[in-house]
Every structure is written in C-alpha cells, then in structure tokens.
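Taking it in order: structure first as structure tokens, then the write-up.
The values are calculated or read from the model by the stated rules, or taken from the named source; none is laboratory data. Keep in mind that this is a model prediction, so the values were computed, not measured. FYI the Cβ positions are ideal-geometry reconstructions off the backbone, even for glycines, and counts take in every protein chain you see. Calculation scope for accessible area: heavy atoms of the full protein, side chains included, ligands and nucleic acids excluded. Shrake-Rupley method; radii C 1.70, N 1.55, O 1.52, S 1.80 Å.
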Amino acid sequence: MRILDKYILKSFIGPFLFGIFAFTSIFVGTGTLFRIAQYITEYGASLWSVTRAFILALPSIVVLTFPMAVLLASLLAFGRLSGTSEIIVMRAGGMSFLRLAMPVYIAAFFISIGAIAFNEYVVPAANHAYQNIIRNEIKKQAEPPAQEHIVLKTMEGDNISTLMYAKRYDSTTKLINGVTAQLFTNGEVTQIEHADTATWNGTYWVMHNGVIYDLAADGNGVERTMRFKDQILPIAKDPYQISQEQRDPDEMTIKELRQQIKALNASYVTATKWEMEMYQRFTIPIASFVFALVGAPLGLQKQRSSSSIGFGLSVIIIFVYYGVMTFTGALGKGGPLPPLVAAAIPDTLGIIAGLWLNWKVSK
C-alpha cells in the first residue's frame, strides 16, 4: 500500500471509530436507556438483569451505525483534505479523485462484508438472548399466553426432516390451531399432514380431523390421500419448547428466515415480513459502501471542512436514506412492492447518487 493510501485511510479510520461511538450513544440515549429505566421502575428488575440486557441490546444498534459512521468519516476525511488544499496538491501530481478515494471505497466495502457477517452471527443470537432476559427474568413470563404463526422443525444433519406450521398456539389450553406438517426425504417433501387442531395429551401432540397427502416420487401431484380422526403430530416438542423456540424475525439467522419463509409459503401464509428482514440483512450493511460513494465526493467542498457541518450533512443524508428505507419497507411488508425490490430501492438510489457525484467531481 502506498504512503498516500495509508495517509488517506488514517484520515478515514479516526472519524469512523468516532462515528460508531457517537451514533451508538445517540441510539442508546434516546431509546435503550429509557427502556432499561422502565424495566427497573415497572418490573423491579435487578441490576444484573438490566446490565446484561443493555449489553445484549448493543449489537443490533452498532450494526445500524456502521453506514452512518462511514458516511461521517468520508465527509470529514475528504473535507479536511479539501480544506487544507491537500487534495489540490495530490490532484496536481496526476492523481485522479477515484484513485484518491479508492482506499476509502475498499475499506467501506470490507466494512459492509464484515457488517453482513456481524448481522448474521452476532445480532440474532444477541437479540434472542435479550428477549429471553426480558421475558423470563424481568417480566417473569416464561410462556406467552398465545402466539401466532408457529414454525417448528426437526433436523437430520443439515437437512430438514419435518417442518410444521400452525396458525395459532394457546399455551393456556395447550391447543394448536391450523396445523400443517411437511415430512422430507433427502431434502424433498414426500408427505403433507393437515389438521384443524392439535392437543397435548401429556406425552405428545395429537392432531384431530385431518388429512394426509402422500406426494408422488416424481413430484407430479398427490399420489394418495387419507383422512384421519386422530393422528400423532410428527414433532417431538413439548408446550414449553414450542413457546421457547418461537422467534421474531430479528432473532433469526438468514438460514432460519429462509426456513420460516418456506414453511409460511407452503401453508399459503403471507411471508413478506420475514422476506423484508432477510433482504435487509444484506442491504443495510451494504449501505456502508453506498454512503462512502456519496460522502467522499461531497466532502471535497471547502465549506465541508468544518466537522460540525460534516456531522450535520451526514445527519441529513442519513435521515433521507432511512426515511426512504422505512417507506419502501412498509410497502414491501404490505404487499404493493415485492420485498426484494423494496429492500433494494434505498441502496440503488444511493449508488446512483454516488456514481453521479463521483463523475461530477472527477471531471
């Protein structure tokens, strides 16, 4: 790496780390601390419980601040270089703007990749542990009285052997409504069982008034249909396990989201909420690279040399980006837009704006 590349990266890394701390502090101060105080005053939560909950809440916040920090760092780094006329000297030496900005773009690209991995391997587990503390230790509610859109699965190695979907589960009456179970062989669905209800007899779940569909081996339709009055549900989960295994979309990994979507689609249930979550696991981290494309050329203006102006400009851009993301996300979850399109629109608009700004500055 050239000395100049190191110099530009050094100008970028400091503000980037500051941005993570600053934006994380804003999120924590405006939301997380209020909820923590509420848990203490309303539920009498212990200091140990709220401390762990606070720490576990941080990963989901930090992953949102990566793009913001990249934008701020790009604005401040190139704003300082422009304000001290260093950019003029560099370009007078034959260096194009794209070549000067390349270290920041490469760094932002790897930040995006790292954020995707962080969003997959750290954030869902932290969110799930956070919810367990809130539910089991602070609110002391081990089992919610009723849950909807229940999905359970059993695995054989890396393959699903049984996948169950239920419209509703009542932990008080131990009753499951609208049950659909799919049995897999070598990754292919070979049998589908459907029942109106299923009840817990103390040992296993029993489905009532249902039908079994044996699928043809070649995948061409149903080979045999059988009706039953009572049938054991092929899921070895007790009522407590059913409640504990249900997760919100932000508690699931991408693999778990895909399985959830597959189960919902097989039961003809709208899965746009889960699809939006899955696609945004990629689009939000990629915003780090998008914001670098936008921030670097904007920072070249001399009036951007002030750190306060750079911070203010980054807030405006962030507000616009997340406003568009919220709007298109609502359209994606509601159905007017396909989830993939809705999730991709903010980044696509940002990339177009960034490429135009880079082209304009490079002229």
Computed from these coordinates, which is percent of Cα pairs over 36 Å apart: (i) 39; (ii) 22; (iii) 17?
(i)
Cα convex hull volume per residue for segment 27-169 (Å³)
180
Amide H of residue 185 versus every other amide H placed in the peptide plane: which residues, excluding those fewer than 5 positions away on the same chain, fall under 5 Å?
190
Point-to-point label distance, residue 156-residue 168, nm (Cα→Cβ direction, 7 Å offset):
3.5
From the cross-link list 174/237; 140/255; 153/255, the entries with a Cα-Cα span beyond 18 Å are 140/255
The correct ranking of 229, 6 by accessible area at 1.4 Å, largest first, is 229, 6
Degrees, to the nearest 10: 272-298 long Cα axis against longest axis of the chain:
0
Taking Cα atoms, the helix 254-266 axis meets the longest principal axis of the chain at an angle in degrees (rounded to 10) of 50
What angle, in degrees between 0 and 90 and rounded to the nearest 10, separates the Cα long axis of helix 33-43 from the longest principal axis of the Cα atoms of the chain?
30
